[in-house]
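> Handing you a structure now.
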Amino acid sequence: MMAITHAIAGAAAAVPLLVLAPEFAVVGALAGLIGGLFPDLDLYTGHRKLLHYPVYGSAVAILAAAVAAAWTTTVTVAIAMFLIGAALHAVSDVIGAGLELEPWEGNSDRAVYDHYHDKWLEPKRLIRYDGAPEDAALAGGLASGPLLLFDGPISLLVLGLLVVGVIYATLRKPLAKAAGWLFPQLPKELHSYLPDRYFENTN
């Protein structure tokens, strides 16, 4: 799934706060959005392993949500929503494709690493690849809550992300082709700093 879909999912997870604790809803949505993006900071080092914790992350998120429910402050809500966004990201990566430059080929058996069971979880491919039409559709569906129910910056931010996501989805396959050509042209000293998937077609 696109990082943008994960970010929008994190923001959407804060929609119940509009009823449960409306004074913290904006903070919660922003924290959820950032949390949804956070795991993909490992994109170039240990992608879907270093910062992705589908089991441990979910357990910590549930605990943080319980703390925020019992002791509701800006800080506890923000921490809980950040962790919820990150956990949703890690868990939902399982329904997508594997780790490869052109995931529509379906050659990778690695969706996300499960540290608890010490193994890679296999991709379910319900979302065939990040940027697939169904990925963009999912992002649009998830965005409907924040777009309709939040005012001001949150709705504008989600709208902006959705527009970028649709553009990315439109260009997804040409971008992969371009990356597959471009990165092998870089000096070989830089290759060790880039994911192996960028060099799949050069071996």
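Throughout, read-outs are computed from the coordinates displayed, never taken from laboratory work. Owing to the predicted nature of the structure, the values given are computational and were not obtained by experimental measurement. Cβ placement follows ideal geometry from the backbone for every residue including glycine, while neighbour counts extend to all protein chains displayed.
> What ranking do 125-131, 170-176 get when scored by the average of other Cβ atoms within 10 Å per residue, highest first?
Highest-to-lowest ranking by the protection proxy: 125-131, 170-176.
> Moving on. Name the residue, out of G98, G180, G36, whose mean-square fluctuation peaks in a Gaussian network model built on the chain with Cα pairs under 10 Å.
Largest GNM mean-square fluctuation: G180.
> Same structure again: Counting other beta carbons within 10 Å of each residue's own, what order do V19, V164, V94 fall into, fewest first?
Neighbour counts put them in this order, fewest first: V19, V164, V94.
> Just grab the label-to-label distance for S144 and V163, each label 7 Å out from Cα along the Cβ direction, in nm (one decimal).
The modelled label-to-label distance comes out at 2.2 nm.
> Expressed as an acute angle from 0 to 90° and rounded to the nearest 10, what is the orientation of the C-alpha long axis of helix 25-37 relative to the principal long axis of the chain?
With rounding to tens, the tilt is 20 degrees.
> Nearest 500 deg cm²/dmol is fine: what mean residue ellipticity at 222 nm does the chain get from its DSSP H runs of n ≥ 4 alone, each adding -39,500 (n - 2.57), divided by its residue count? Before the final figure, lay out the partial values.
Working: 8 runs with 112 residues, N = 203.
Helices in the chain give a 222 nm mean residue ellipticity of -18000 deg cm²/dmol.
> Roughly what angle does helix 56-70 make with the longest principal axis of the chain, taking Cα atoms, 0 to 90 degrees, to the nearest 10?
Between helix and principal axis, roughly 10 degrees.
> Using the count of nearby Cβ atoms within 10 Å as a rough guide to exposure, how do I84, I167 rank from fewest to most?
The fewest-first ordering by Cβ neighbours comes to I167, I84.
> Moving on. Compute the acute angle (0 to 90°) between the alpha-carbon long axis of helix 3-12 and the principal axis of greatest extent of the alpha-carbon atoms of the chain; round to the nearest 10°.
Helix 3-12 sits at roughly 10 degrees to that axis.
> Now for a separate question. Determine ³J(HN,Hα), in whole Hz, for all residues of segment 188-196 in sequence, where each value follows from phi through the Karplus function 6.51 cos²θ - 1.76 cosθ + 1.60 and θ = phi - 60°; x replaces Gly and Pro.
For segment 188-196, the Karplus curve yields 4, 4, 8, 4, 5, 8, 10, x, 4 Hz.
> Running a GNM on the chain with Cα contacts under 10 Å, which residue among L37, L148, L157 ends up with the highest mean-square fluctuation?
Maximum fluctuation in the GNM of the chain, among the listed residues, is at L148.
> Enter the Cα centre distance for the pair segment 74-152 and segment 3-53, rounded to the nearest angstrom.
10
> Just subtract the alpha-carbon distance of H115 and K173 from 0.36 nm times their residue separation and send over the number in nm, one decimal.
Computed gain between H115 and K173 is 17.8 nm.
> Just L33, L18, L99 to compare: in a GNM of the chain, with alpha carbon springs under 10 Å, which one fluctuates most?
Residue with maximal mean-square fluctuation among L33, L18, L99: L18.
> Still on this model: Given that just one value was derived from the coordinates, which of [x] 18.0; [y] 19.2; [z] 17.6 is Kirkwood radius over Cα pairs in Å?
Among [x] 18.0; [y] 19.2; [z] 17.6, the one derived from this structure is [z].
> Please identify which residues in segment 165-191 have an amide N closer than 20 Å to a label point set 7 Å out from the Cα of W104, following the Cα→Cβ vector.
Output list for this probe position: 165-183.
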